[in-house]
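Reviewing the structure listed below.
The values are calculated or read from the model by the stated rules, or taken from the named source; none is laboratory data. Small disclaimer: the values here were computed from a predicted structure and weren't measured. No Cβ is skipped: glycine too gets one built from the backbone with ideal geometry, and neighbour counts run over all protein chains shown.
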Amino acid sequence: MTDQTAVEPIPTPPPPAADGPPLMAEDQPAIDVGPLAKLGGRKMADIEDNTPLSEKAQPLLKRDLSARDMIEELVKAKLWVDACATLAHAIPKREGVWWAAVVARRFLPAEPDRKVVLTLEAAEAWVRKPTEENRQLALARGSAIRTTGAPSAWAAVAAGWSTGSMAPKAEVDIPAEPWMTGTAVFAAVMHAAGSVPEAFYPGLHAALVCGLDIADGGNGRPQGRDEAAAGSGGL
């Protein structure tokens, strides 16, 4: 039986370009971090054990610091990867899966594989109606294409790992750990940004803007801070 909990290597940031557009972390514009009310006052003590932080981010970490304030400090330091990791583990599961799905849809290729689209739709369906049936469907579709690294696969897996067993129905029961949805959400965001390696940081910055909007009660498509798109209201 394959390991249902393994996470494939997450894309790493590209090396600096000799010239060209502003593509590095420090070149990305500042972001105003709002109240992030959806985080519900979670502390770093609640999530630090499962939140992968870089060496640069470690000095900012304090166990009694709220996740919201930690994200603000990381954003000020332009530590975008660390900010995304922290948000992925601090945000509620349903909002986290929606963030992963919004980012995955944003980064879909012009002519996506049908399996990728169906997998993304399964993740979105679970967000709209988080039933066991929809969770099982998202888990099955996400697991089937997870090794491709498709962001939509990780969005669906994030829904599948939200509760219950992390293994398909026919296999042995593997209870989902509370932190696994955050791990899959972070993987979705990183794989999405990594799908355009030469623009990794601009993509990651845009993804973070989407996530912060969702954490503020928005739909992940904020007017003014990012390109506007049609969609329903916040979760």
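All of ASP64, ASP46 fail the test of being within 18 Å of PRO92 (Cβ to Cβ) and either at pLDDT below 95 or among the acidic types (Asp, Glu) (or both), apart from ASP46. Under the condition of being more than 16 Å from MET190 (Cβ to Cβ) and crowded, with 17+ Cβ neighbours inside 10 Å, the residues counted in segment 72-89 number 4.
What's the total number of residues in segment 146-160 that are of a type in the set (Lys, Arg) and under 13 Å from GLU121 (Cα atoms)?
Within segment 146-160, the subset of a type in the set (Lys, Arg) is 146.
Retained after the next criterion (residues that are under 13 Å from GLU121 (Cα atoms)): none.
Within segment 146-160, residues that are of a type in the set (Lys, Arg) and under 13 Å from GLU121 (Cα atoms) number 0.
Those residues that are surrounded by fewer than 24 Cβ atoms within 10 Å (Cβ to Cβ) and at negative phi, I need them from segment 147-160; list them, please. Working first, answer last.
Our first condition is that a residue be surrounded by fewer than 24 Cβ atoms within 10 Å (Cβ to Cβ); within segment 147-160, this holds for 147-149.
THR147, THR148, listed by residue number.
For beta carbons closer than 8 Å, sequence separation of 6+ or different chains, a first residue in segment 57-82 that is over 16 Å from ASP46 (Cβ atoms) and a second that is of a type in the set (D, E, K, R) and surrounded by fewer than 16 Cβ atoms within 10 Å (Cβ to Cβ), the qualifying pairs are ALA77/LYS56; LYS78/GLU26; LEU79/LYS56; ASP82/LYS56.
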